[in-house]
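Step one of this worksheet: look at the structure below.
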Amino acid sequence: MGDDMKQVQSDHREYRSESGQNSHPGGLPDGDLVKKVDASPRLRESDEDGVVTMKTWAVVVVLAASYGISFWPVPFFSTIQGGMATSFGSEAAQGTWLTSVYSMCGTIAFLTCGPNSDLFGRRTFILLGNITSVVGSIVGATSHSIGQSIAAHALLGFGGGNCQMAAFALPELLPNKWRHFAVVIADAGIYFDVIVAPVVARISFLNGSSWRWGYWGMTFAQGLSLVVLAVFYFPPKHPRGIPWHEALKHLDYVGIVTSTAAVAMVLSGIVYALLLPPSSPIVIGLLVAGFACLLFFGVWETLAPLKNPLAPTRLFTAHKGRALTAPFIVGFVVTMFYYATNVR
């Protein structure tokens, strides 16, 4: 029996040697597979030794700062939005739109630009966010009507949504050893905003038009961030990154349109429910149409044969929803706090 097994093994080795089947299941011989792995591009050489250059740390700090700066309008202007509206000659309730439209446009930016930044690259969207935030802060600082301020916060929200992609762009610049530091730095900016901004806002509003520096300060800070990132921020290519023409060809256009419409109509309906009677045709129409678009978006993302879906089903079903769905619901509830504070 032992001699027979030795003979079988010997014959098998001779067969593999003659037929060249000493290969990877994908069809590459072992030697070629090793060469291919060695020749493949590496995203971060620093992963091997944990060394990060001072230039990278500087970019990390500025990128994290841009995250916090872009969120500044929420705690600052939500504190004084009613007073701003009356100072423009409008009803105080119209000030509700300032924070609401920021959240609305930020949500649209997250959902539209976030997944697609995997394809086109983080740099493009983060720089776009900084540019849009600078423009929005200038529009807000020079505003003399509630309509212009609402437009400013729409720009700030969309820009902020793109800037806040730094939350997952930061770890891509660092090895595992240091990634938690980047997250802490980014969160520190948010804590500064929510603690300092409301106090500064109330004091500045009591001193004439000093509240406009809530915009001008953001212009300078976000502008500086934009310059530094434009010159030094060149992140590694994402594993899903593909050429622009291919990404544009397979973009989830239907998902972008329906999700944007759903977010805009549902959140606008919630705001109008605070300004108009709940039975108003505007409120009912926006909410019904918005939730219909949201339902269609969910069905489309689940059933359509999409190459690059905005919301892949596998993410929401991973670990029975514990990986993403549960935290997503909690985050949604927390964000809705800024709508709840405007209920009269």
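The values are calculated or read from the model by the stated rules, or taken from the named source; none is laboratory data. Computed from a prediction, not measured in an experiment: that's the story for all the values here. Positions of Cβ are generated from backbone atoms using ideal geometry, with glycine treated the same way; all protein chains shown enter the neighbour counts.
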Count, please, the residues in the stretch 267-305 that happen to be touching a helix residue (DSSP H, G or I) at 6+ places or on another chain (Cβ under 7 Å), farther than 27 Å from PHE120 by Cβ and aliphatic (A, V, I, L, M). 11
Quickly run through the stretch 112-131 and pick out the residues that are among the polar types (S, T, N, Q) and at pLDDT below 95. THR112, ASN116, SER117, THR124
What pairs come up if the first residue lies in the stretch 93-111 and is within 21 Å of PRO198 (Cβ to Cβ) and of a type in the set (A, V, I, L, M, F, W, C), the second is surrounded by fewer than 24 Cβ atoms within 10 Å (Cβ to Cβ) and at pLDDT 95 or above, and their beta carbons are under 6 Å apart, counting only those six or more places apart or on different chains? TRP97/ILE150; VAL101/ILE150; VAL101/ALA154
Of everything in the stretch 82-100 that's of a type in the set (A, V, I, L, M, F, W, C) and not in a loop (DSSP other than H, G, I, E, B), which residue is nearest to LEU155 (Cα to Cα)? LEU98
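In the stretch 290-306, how many residues are under 26 Å from ILE242 (Cα atoms) and surrounded by 13 or more Cβ atoms within 10 Å (Cβ to Cβ)? Outline the logic, then answer.
Keep residues of the stretch 290-306 that are under 26 Å from ILE242 (Cα atoms), which gives 297-298, 300-306.
Filter again for surrounded by 13 or more Cβ atoms within 10 Å (Cβ to Cβ), leaving 297-298, 300-302, 306.
Qualifying residue count for the region: 6.
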Selected residue [at pLDDT 90 or above and within 27 Å of GLY89 (Cβ to Cβ)] from VAL134, VAL101: VAL101
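Residue-by-condition table, conditions (1) under 20 Å from the mean Cα position of the chain (by Cα); (2) loosely packed, with under 13 Cβ neighbours inside 10 Å; (3) acidic (Asp, Glu); (4) at pLDDT 95 or above:
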residue	(1), (2), (3), (4)
VAL227	no, yes, no, yes
PHE232	no, no, no, no
PRO236	yes, no, no, no
PRO239	yes, yes, no, no
PRO243	no, yes, no, no
ALA247	yes, no, no, no
ASP252	yes, no, yes, no
ALA261	yes, no, no, yes
LEU267	yes, no, no, no
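Any idea which of ALA151, ALA109, ALA65, ALA141 is buried (at least 18 other Cβ atoms within 10 Å of the Cβ), modelled with pLDDT of 95 or more and not β-branched (Val, Ile, Thr)? Spell out how you get there, then give the answer.
Values: ALA151 fails: buried (at least 18 other Cβ atoms within 10 Å of the Cβ); ALA109 fails: modelled with pLDDT of 95 or more; ALA65 fails: modelled with pLDDT of 95 or more.
The conditions single out ALA141.
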Considering each of GLY223, GLY290, GLY255 in turn, give the residue that is more than 26 Å from VAL74 (Cβ to Cβ) and either among the hydrophobic types (A, V, I, L, M, F, W, C) or assigned to a helix (DSSP H, G or I) (or both). GLY255
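Tally up the residues in the stretch 269-299 that are of a type in the set (Val, Ile, Thr) and either touching a Phe, Trp or Tyr at 6+ places or on another chain (Cβ under 8 Å) or at pLDDT below 90 (or both), please. Steps first, please.
Initially, the stretch 269-299 is screened for residues of a type in the set (Val, Ile, Thr), giving 270-271, 282-284, 288, 299.
If we keep only those that are either touching a Phe, Trp or Tyr at 6+ places or on another chain (Cβ under 8 Å) or at pLDDT below 90 (or both) as well, we get 270-271, 282-283.
Number of matching residues: 4.
Can we say HIS144 is more than 13 Å from the chain's Cα centre (by Cα) and assigned to a loop (DSSP other than H, G, I, E, B)? Walk me through it before giving the result.
Values: more than 13 Å from the chain's Cα centre (by Cα): yes; assigned to a loop (DSSP other than H, G, I, E, B): yes.
For HIS144, the condition - more than 13 Å from the chain's Cα centre (by Cα) and assigned to a loop (DSSP other than H, G, I, E, B) - is met.
Go through the stretch 210-225 and give me each residue that's of a type in the set (Gly, Ala, Ser), buried (at least 22 other Cβ atoms within 10 Å of the Cβ) and over 16 Å from TYR67 (Cβ atoms). Even if it seems obvious, please write down each step before you answer.
Here is the first cut: in the stretch 210-225, the residues of a type in the set (Gly, Ala, Ser) are 210, 214, 217, 221, 223, 225.
From what is left, the residues that are buried (at least 22 other Cβ atoms within 10 Å of the Cβ) are 214, 225.
The answer is GLY214, and nothing else.
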Only listed residue being under 25 Å from ALA169 (Cα atoms) and touching a residue at least 60 places away in the same chain (Cβ under 8 Å), chosen from PHE88, PHE120, PHE125: PHE120
